[in-house]
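Encoded as structure tokens, the structure appears first; notes follow it.
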Amino acid sequence: MSRISGGVRGDRSDSELPDEILSVIPTDPFEQLDLAKKITSMAIASRVSNLEAEAIELRQTIQEREIDTQELEWKATRLESDFQESDSRPKIVLRENMNLKKERDSLAANVKNLICDMAKVKLMLTSKLERRANAIFGTENKDLYMSFQVLVPKNKT
């Protein structure tokens, strides 16, 4: 191995290169610098090319991730909407149940009132019928009055 120092080949103190490479390197320092610039340019161009290819791959990966993110956001929105809908259904059913119970209780109270009113009307009707029968038949026609009593039900209250 030989050394290059200031364009002169000599002892091995600065840098060591194989003899095959030294045989193709020019001996003039300016030519060596030109060759070094070309090698550096080629290395930089190769590195830039590799970085550009990597950047393209990264951009594609970013686009794929953005698409995945959009799909996941859409699914999350849909699931949230489904959750809110399913969460509101029991509340609506419960509210409807409460309204139906109130309506049932109100109808039950109305039925009780109507039954009570009907009993009063029945009592009033029976007593009117008895008074009219007494007025029509009088007390002297007891047999006719008794047959009429069979037709008119007695009030059981």
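What follows draws every value from the coordinates through simple rules; no lab data is involved. Note that this is a predicted model, so its numbers are computed, not measured. All Cβ positions, even for glycine, are placed from backbone atoms using ideal geometry, and neighbour counts span all protein chains on display.
Selection of first residues in segment 103-131 that are surrounded by 10 or more Cβ atoms within 10 Å (Cβ to Cβ) and of second residues that are among the hydroxyl-bearing types (Ser, Thr, Tyr), restricted to Cβ pairs under 9 Å at least 6 apart or on distinct chains, gives the following pairs, ordered by first then second residue: 119/157; 122/157; 123/157. Among the candidates 98, 118, the residue that is in a helix (DSSP H, G or I) and more than 28 Å from the chain's Cα centre (by Cα) is uniquely 118.
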